[in-house]
Amino acid sequence: MPPIEIEIGPQSNIKQLVADFPVAAEVMTAFGLGCSGCGVSRYETVEQGARAHGLQVEPIVAALRDARRTGSVPHIRDEDRQPARRAPGVFSGRSRIAHVIPIMSGKGGVGKSLVTALIAIGLRRRHYRVGILDADITGPSIPKLFGLREPLSIQADPVKRTPQGQPQPLISPAVSRSAIEIVSSNLLSESEDTAMIWRGPIVAGVIRQFYEQVTWSELDFLLVDLPPGTSDAPLTVLQSLSIDGVVLVTMPQALATMVVRKAANLVHQLKKPILGVVENMSYFEAPDTGARYEIYGPSYAQRVAELARAPVLARIPIDPVKAQLADEGRIEELDDPICDILVERLLAGIEAHPKPKETISII
Ligand code: ADP
């Protein structure tokens, strides 16, 4: 008796399809849905994957059915693989973004970018539309985590002009394999376009451009990976974006705790909520014995949470798997409950601090 084949339709789970007939992965890739191998897809139907990537579901279902019958990827029309992004002409300058959450740390190297990525992945697993505005110009962490190298494409805004009368640049975000939209100064090419963007060497100005002059989709969440510390750039974001609240990332070191106190004070002074604290590299758990070692010393998570007047969202261990996936640009392949835990608690925090109704604006 031939094996029972699962029905292919908009509601088919991507991972199951790929397990059922591996050529499905090639079909997905042909549509630009590189998510068939990533940790998000196991939670996603074909329809959800298509929507996240801005594609029509019908041609994908048709191609999958064809591929199962013939064993190879059928011809796919160019228009079926073009994401329905807003054309620059209809972009009115400000995207409608429901929630903006900056991720902050007192100092560099505590894993702020990794935590940003884990939250983004957790949100995608719940089928939210997610973007990351990488404002941390101290290193290429975000593009590296997602394996992005292609420079961002920049067009001239057909409507808006700079004070000098030049067309304003309009940036298309990079899109990760699991459809996370990403904008980062590390994805700007060394061309003239770059000069357009870097009109002033002021990071705060760049953040503003990355917010206003990007054709973001109508995102449910925009995560802002802030530069470490309490310099001008984080200040601008906190003051001028309509944020829901901040996530503070720290690690178990007395110094990190001291600087995170400064960051927490800054957020409080600006009367913005801190949604939660993440202690990263909290401990190491030996895979053979399960014994926990506090490599950097005892946890300060509770202490920091008291200072921040916010809950601990998670204590994340030092994990070679995360480090390796991060290093290889394959962080979306991580299938770890930590992504869900972070997001569950973060969403609870957002619910506890509803942001005042106002349209998002930046001064
Ligand atoms: P930050 O954004 O705070 O500067 P990153 O997220 O770039 O820090 O992390 C610094 C380095 O530490 C990266 O190489 C990252 O992969 C690694 N790293 C971060 N968190 C962990 C963890 N929990 N386990 C293992 N490696 C980690």
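The values are calculated or read from the model by the stated rules, or taken from the named source; none is laboratory data. Treat the numbers as computed from the prediction; the structure is a model and nothing was measured. No Cβ is skipped: glycine too gets one built from the backbone with ideal geometry, and neighbour counts run over all protein chains shown. The accessibility values were calculated without ligands, DNA or RNA, using every heavy atom of the protein model including side chains. Shrake-Rupley method; radii C 1.70, N 1.55, O 1.52, S 1.80 Å.
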Loop-only check: which trypsin sites (Lys or Arg not before Pro) in region 222-283 are DSSP coil with at most 13 other Cβ within 10 angstrom?
K271
For A286, project a label point 7 Å along Cα to C-beta. Then give me every residue of region 313-336 with its amide nitrogen under 17 Å of that point.
318-320
Restricting region 276-325 to GluC sites (Glu not before Pro) in coil, as DSSP defines it, with at most 10 other Cβ within 10 Å
none
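Need the full-extension length gain, S153 to E26, defined as separation in residues times 0.36 nm minus the C-alpha distance. One decimal, nm. Write down the numbers at each step before the final one.
Values: separation 127, 0.36 × 127 = 45.72 nm, distance 2.57 nm.
43.2 nm is the gain from fully extending S153 to E26.
Residues with beta-carbon under 11 Å from that of V343, excluding V343: net charge, scoring Lys, Arg +1 and Asp, Glu -1? Working shown, then result.
Values: positive: R124, R125, R126, R345; negative: D340, E344.
Combined, the nearby Lys, Arg, Asp and Glu give +2.
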Would you please classify the overall shape of the chain from the alpha carbon gyration tensor, given that a ≥ b ≥ c denote the square roots of the eigenvalues, rounded means a/c under 1.5, and beyond that prolate means a/b larger than b/c while oblate covers the rest?
oblate
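Step through the table entries K107/K144; K107/K272; K144/K272; K144/K271; K144/K355; K15/K112, compare each Cα-Cα distance with 28 Å, and write down the pairs that go over it. It would help to have the intermediate numbers written out before the result.
On the way: K107/K144 20 Å; K107/K272 20 Å; K144/K272 30 Å; K144/K271 33 Å; K144/K355 32 Å; K15/K112 30 Å.
Pairs exceeding the cut-off: K144/K272; K144/K271; K144/K355; K15/K112.
Pairs of alpha-carbon atoms within less than 8 angstrom and 6+ residues apart define the contacts here; what relative contact order does the chain have, in percent?
Values: 705 pairs, mean separation 71.5, N = 363.
So the answer I get is 20 percent.
Subtract the Cα-Cα distance of Y293 and A19 from 0.36 nm times their separation in residues, and report this length gain in nm to one decimal.
Values: separation 274, 0.36 × 274 = 98.64 nm, distance 3.80 nm.
Extra length from Y293 to A19 when fully extended: 94.8 nm.
Could the peptides 323-332, 43-52, 221-230 be put in order, highest first, of the mean number of other beta-carbon atoms found within 10 Å of their residues? Let's see the in-between values first.
On the way: 323-332: 17.8, 43-52: 21.2, 221-230: 24.1.
Order by mean packing, descending: 221-230, 43-52, 323-332.
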With 0.36 nm assigned to each residue of separation and the Cα-Cα distance removed, L270 to S231 gains 12.6 nm
If you count only protein heavy atoms with a 1.4 Å probe, what accessible area per residue comes out for the chain, rounded to a whole Å²?
46
Separation of region 136-173 and region 5-64 by C-alpha centroid, Å?
29
Packing-based order for 168-174, 150-156, using average beta carbon neighbours within 10 Å, highest first
168-174, 150-156
Between I137 and R65, the two model label points (7 Å from Cα along the beta-carbon direction) sit apart by a distance in nm of 5.2
